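What follows is a single structure, written as structure tokens, with notes after it.
The values are calculated or read from the model by the stated rules, or taken from the named source; none is laboratory data. Just so it is clear, the structure is predicted and the values come from calculations on it, not from any experiment. As a convention, Cβ positions derive from the backbone with ideal geometry for all residues, glycine included, and neighbour counts pool all protein chains shown. Quick note on the areas: whole protein, heavy atoms, side chains included, nothing else; ligands and nucleic acids left out. Shrake-Rupley method; radii C 1.70, N 1.55, O 1.52, S 1.80 Å.
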Amino acid sequence: MLEVWLVVEAEVNAIDKAVVSSPTTSAMVEALKEAMATHPVRSAVARVVSSGDLDNLYSSYLYGGNLVESRDETEIILCPLTLNLPTTFSFPHQKIYQACRDVVGLRQQVDRQLGYAIGDGCFWLPVVLTGKGPLYGEAIGLREQTTDGSLGDRDSTLCLSYSQPIHLCDAKRQRIYKLAHRLLQLLAAPPATYLVQFSFQGEDICFDRLWPFPAAPALASQGVQSPDLFACHWHCLTDRPLFDLAIVP
């Protein structure tokens with residue numbers, strides 16, 4: 001049997017079941033489950049796991065590569081949907097998650113080694129990194145945002161919904177593609193769906209942070225992009241090919 005552990009920040013109830021309280025996280029979990037049902041792999045089942053309980057749950061498992069194999073012949077794919085994983089927890093994609101969690105350190109690395117400006121971003125570039133190379137999705141933004149890169153009152157915009165596509169001119173599009181490509185190469189990123197968070201300072205790109213999974217803005221791709229970003233992530237985790245990303249007419 002194949003178990004897919006959807007690792008989230010959640011509480012564990014009296015019967016040791018993870019309870020997700022965040023509506024956004026719940027939507028992300030349901031989007032991954034829908035992707036699994038639409039693009040099935042053997043008899044895969046999803047299991048929601050609290051990030052705080054990972055060490056205890058994982059202690060009896062042997063792992064290697066992208067898959068984890070337990071002693072009772074259950075195979076496990078880890079799919080963390082949070083950066084807040086225990087520092088003692090070791091798994092195949094640990095390095096990229098640690099790099100993305102250290103926002104300040106990653107910004108400094110991008111500034112120092114890639115030469116880009118850094119600061120708060122209000123756009124997200126989806127990058128589906130397959131075994132054959134990257135596929136770039138249309139940019140995502142907040143519904144009330146314009147393409148001038150202004151963020152306004154950050155606290156008041158955090159609850160707003162996301163929109164895809166955000167239309168960028170070709171010159172800006174190529175610059176953000178180049179940043180994403182160089183960044184993922186720098187981090188030796190494994191196949192997955194990534195979100196590069198950014199904005200613009202005039203014509204220049206301003207890098208904010210990198211998400212190594214389809215975070216909340218990826219919800220905008222449902223019903224808009226084919227395949228959506230959660231289905232893309234599922235394809236990457238199961239080593240299945242993807243050839244194109246398209247906006248649904």
Task: Anisotropy class of the stretch 162-243 from Cα gyration tensor, a/c 1.5 cut - done: oblate
Open item on the list: If amide hydrogens are placed 1.01 Å from N in the peptide plane, which non-local residues have theirs closer than 5 Å to the one on Ala46?
Closed with: Val4
TODO: Report the full-extension gain for the segment Gln94 to Ala171: residue separation times 0.36 nm, less the Cα-Cα distance, to one decimal in nm.
DONE: 24.3 nm
- [ ] Could you calculate the contour length gain from Gln113 to Asp204, that is, 0.36 nm times the residue separation minus the distance between their Cα atoms, to one decimal place in nm?
- [x] 31.1 nm
Task: Spin-label pair Asn56/Thr24, simplified geometry with 7 Å Cα→Cβ offset, distance in nm - done: 2.7 nm
- [ ] Compute the accessible area per residue over the stretch 172-243, keeping the other protein chains in place, probe 1.4 Å, unit Å².
- [x] 34 Å²
Task: Sparse-neighbourhood loop sites, chymotrypsin sites (Phe, Trp or Tyr not before Pro) in the stretch 156-249 - DSSP loop, at most 11 other Cβ within 10 angstrom - done: Phe243
Open item on the list: If amide hydrogens are placed 1.01 Å from N in the peptide plane, which non-local residues have theirs closer than 5 Å to the one on Ala117?
Closed with: Phe207
TODO: Report the extension gain between Val248 and Lys178 in nm, rounded to one decimal, defined as 0.36 nm multiplied by the number of residues separating them, less their alpha carbon distance.
DONE: 22.7 nm
